[in-house]
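Here's the structure we're looking at; comments come further down.
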Amino acid sequence: MVYDSVMWKLFRLARIRWWKIVLLLVLITAQILGTLYLPTLTADIINEGVVAGDLDRVREIGILMILVAAGTGVASITGTYVSAWVSTTFAMRVRKKLFRHTQKLSYQDFRKVNTSSLITRATNDIEQLQTMLSSFFEMMLPAPFVIVVGMVLAVRRDASMALLILGVAVALLLVFILVARAVLPLFAKVQLKLDAMNAVVGQFISGVRVVRAYGRTKKERERMDATFSDSARLNIRINRMFAAVMPFVVLVMSGAMVMILWFGGHRIQTGEMQIGDIMAITEYTMNILMYVLMAVFVSISIPRAKVCAERINEVLSMDPEIMDGEGKSGGELRLEFDDVDFRYMDAEHAALHDLSFVCEKGTTTAIIGGTGSGKSSIARLIPRLVDASEGEVFLGGVNVKELKQSEVRRRVGYVPQKAFLFSGTVLENLKHGNPKATLEEVREAARIAQADGFIMEMEGGYDAEVSQGGKNFSGGQRQRLAIARMLVKKPEVIVFDDSFSALDFKTDAQLRKALKKVTKESIVINVAQRISTIKDADQILVLDDGRIVGVGTHEDLLRSNEVYLEIAKSQLSEKELEI
């Protein structure tokens, strides 16, 4: 079962060095041989030394026992170290593979596997595989060898006693097979419960301010408690099954010892066995039964590990929607949409229809429309966060699908609707797109983004710490830091996806005025909700239900476009509407 193709695929993916496995097998073999040889020496020291009254023989075998015990101890410790190395290296490399693969997935790919499930797979699922692998090497792999060699040595001492040991081992196996059939279907549910727990906890933590603002703390606590209780009930159910078996296991093993001593006593009386043989067979029995138990416990955990392996492989086998192009080189800076359609995964209707427009170098293009009209979808298409379903997007005269993703992302700077900051310092965040930027370049970008002032007011300035997600900054501050981060990158195409929404009018005006000085050689795409922020754009695209229903300047659209006029009437005064 452990060589199931799914798990074996992961093991090969981890690229564990073969000589480490060979060394581990050698150490395990040495440990088993030493463990099983000690009872034989115990029998010999009693039969040939103590009973015979030969102290020289006692001394001789005693020294040998010390040496064998020491060698077995060294092999056991070294084997445990190598086993831990193999299992932890396996977990580390699979986790790296998983993380790197998720970085290749697109915005749409993440809809197939949600964030909470990815976290569970990258942490708990891989940890389960690591534990199983370590247990397999240390407990399950030696079990067949211990059973076979132990039975052979027991037969050499007394064949009838060996049959008794075999019967007890088979009885234990049958019991655990019955338990396994009941437990195995529950293991897949355990991982799903973990996904649900991560989702609920993550949602509560990220939305804690909203929860408190609406007085929903009690309700959310009840919701989390329900999720925790579901998981706890399932795990308790599994543990109860194992707990019910343990008294039976203890009874069987104790009964086996009693039967061995009782039958052995009779055989000693008849002269068919020696006292030392009883001690040897007792130790063989304990070793065999203990390894049988450990092997069964590990074998029961393998299906759970298999479920985890399948969940990890599900992500690794996902083909990214967006693949690298041939690496063609673009020409003169120019952005063009040619009959572009776009549909989100599993959506009934396309988000964008027949989009065609051109953005020239040194121009600003604004995009406006109602909620759900497709503005942000256009913004995501430009840096190739998603791909067009139909039609083509050209950058520098080349279809973006034929460019390397790294080339597209280098040339395009994107500021999303929700400004996100990483844990670390302000400086580290601002240098995210250009690690080689100097402090002066960073400060200049921050000045343009109207962020230098509040940064310098903080304790530590640019070395001030940023909490996870930038929660220690206001919405407007996060937006300005995100804009500064993009400017440090110095892209050729700048995409603002409603990135000024949290700014007051004064800061907005100052920022746009400063931007004009540094974007004269760039293409600027400005997705916006407020007409006042796009009036000076070279061209404005008006969207309605995913289609372009108007193109022109502010004045032209007020005269000729009903959709734009309706938006303008809802935002501008009568004086501002006069042309």
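Our coupling estimate for segment 283-298, obtained by passing each phi through the Karplus curve with A = 6.51, B = -1.76, C = 1.60 and θ = phi - 60°, is 5, 4, 4, 4, 4, 4, 5, 5, 5, 4, 4, 5, 5, 5, 4, 5 Hz, Gly and Pro reported as x.
Pull out the extension gain between SER560 and LYS404, defined as 0.36 nm times the separation in residues minus the alpha carbon to alpha carbon distance; nm, one decimal. Kindly include the intermediate steps, with their values, before the conclusion.
Working: separation 156, 0.36 × 156 = 56.16 nm, distance 4.07 nm.
Net length gain for the segment: 52.1 nm.
Remark on ARG334: its backbone amide H falls under 5 Å from those of GLY396, GLY397, a criterion applied only to residues 5 or more positions apart or on other chains, H modelled at 1.01 Å from N. If you restrict to DSSP beta bridges whose two residues both lie in segment 491-571, what percentage is antiparallel, to the nearest 5? Of the beta bridges lying entirely in segment 491-571, close to 50 percent run antiparallel. In this structure segment 428-536 gives 47 Å² per residue of accessible area when probed at 1.4 Å with all protein chains present.
With +1 assigned to the C-beta of every Lys and Arg and -1 to the C-beta of every Asp and Glu, and no other charges, what is the dipole magnitude of the chain about the Cα centre in debye, to the nearest 20?
Details: 70 positive and 65 negative charges, 180 e Å.
It works out to roughly 860 debye.
Placing +1 on the Cβ of every Lys and Arg and -1 on the Cβ of every Asp and Glu, with no other charges, gives segment 96-162 a dipole of roughly 400 debye about its Cα centre. The distance between label points at ASN114 and LYS20 comes to 3.6 nm (points 7 Å beyond Cα on the Cα→Cβ vector).
Positive end of the dipole of segment 247-404 (Cβ unit charges, origin at the Cα centre): among VAL340, ILE288, ALA351, the Cα lying farthest that way belongs to ILE288. Longest stretch of the chain clear of exposed loop sites (chymotrypsin sites (Phe, Trp or Tyr not before Pro), DSSP loop, at most 16 other Cβ atoms within 10 Å, sites excluded): 423-579. DSSP beta bridges confined to the chain are antiparallel in about 55 percent of cases. Computed from backbone phi with θ = phi - 60° and the Karplus coefficients 6.51, -1.76 and 1.60, the 3J(HN,Hα) list for segment 319-327 is 7, x, 4, 9, 10, 5, x, 6, x Hz; x is used for glycine and proline. For segment 476-576, a crude dipole built from +1 on the beta carbon of Lys and Arg and -1 on the beta carbon of Asp and Glu, taken about the Cα centre, is about 720 debye to the nearest 20. Within the accessible area of the chain, what % is carbon and sulfur when the probe is 1.4 Å and the other protein chains stay in place? Percent of accessible area from carbon and sulfur atoms in the chain: 58.
Against the main long axis of the alpha-carbon atoms of the chain, helix 217-269 sits at an angle near 20°.
On a 0 to 90 degree scale, rounded to 10, what angle separates helix 5-14 from the longest Cα axis of the chain? That helix lies at roughly 70 degrees to the long axis. Taking the average, over residues, of other Cβ atoms within 10 Å as the packing measure, peptides 565-574, 511-520 rank 511-520, 565-574 from highest down. Based on Cα contacts under 8 Å between residues 6+ apart, the chain shows a relative contact order of 15 percent. Classified by the C-alpha gyration tensor, segment 298-453 has an oblate form. Its axis ratio a/c, with a ≥ b ≥ c, is 1.5 or above, and a/b does not exceed b/c. Estimated at 0.36 nm per residue, the fully extended path between ALA509 and LEU439 surpasses their Cα-Cα distance by 22.6 nm.
Would you compute, from DSSP H runs of 4+ residues alone, the mean residue ellipticity of the chain at 222 nm, taking -39500 (n - 2.57) per run and dividing by the full residue count, rounded to the nearest 500? Kindly include the intermediate steps, with their values, before the conclusion.
Values: 20 runs with 353 residues, N = 579.
Roughly -20500 deg cm²/dmol at 222 nm, from the helical runs in the chain.
Partner lysines whose Cα lies under 26 Å from the Cα of LYS575, excluding those fewer than 8 positions away in the same chain, are identified as LYS506, LYS513, LYS535. Each residue of segment 166-216 gets 92 Å³ once the volume of the Cα convex hull is shared out per residue. Annotation: amide H-H contacts under 5 Å for GLY391 (H modelled 1.01 Å from N, sequence separation of 5 or more, or interchain): ASP341.
Between the helical axis of 439-448 and the longest alpha-carbon principal axis of the chain there is an angle of about 50 degrees. The residues of segment 170-261 have, on average, 63 Å² of accessible surface per residue, using a 1.4 Å probe with all protein chains present. Look at the dipole of segment 1-72 built from charges on Cβ: of LEU67, ALA52, TRP18, the Cα furthest out on the positive end belongs to TRP18.
Taking the Cα-to-Cβ direction at GLN269 and at SER329 and moving 7 Å from each Cα, how far apart do the two end points lie in nm? For GLN269 paired with SER329, the spin-label model returns 10.0 nm.
Write down Rg/Rh for the chain, rounded to two decimals, with Rg from the C-alpha atoms and Rh from the Kirkwood relation over Cα pairs. Mind showing how you got there, number by number?
On the way: Rg = 35.3 Å, Rh = 29.9 Å.
Using Cα coordinates only, the ratio equals 1.18.
Scaling against 2.2 N^0.38 Å puts the C-alpha radius of gyration of segment 373-422 at 1.19. At the residue level, MET132 shows approximately 10 square angstrom of accessible surface with a 1.4 angstrom probe and all protein chains present. Annotation for segment 337-413: GluC sites (Glu not before Pro) lying in DSSP loop with at most 13 further Cβ atoms inside 10 Å of their Cβ are GLU348.
The values are calculated or read from the model by the stated rules, or taken from the named source; none is laboratory data. No experiment lies behind these values; they were computed from the predicted model shown. Cβ sites come from the backbone with ideal geometry, for glycine too, and all protein chains shown count toward neighbours. Note: accessible area is taken over every heavy atom of the protein model, side chains too, but ligands, DNA and RNA are not part of it. Shrake-Rupley method; radii C 1.70, N 1.55, O 1.52, S 1.80 Å.
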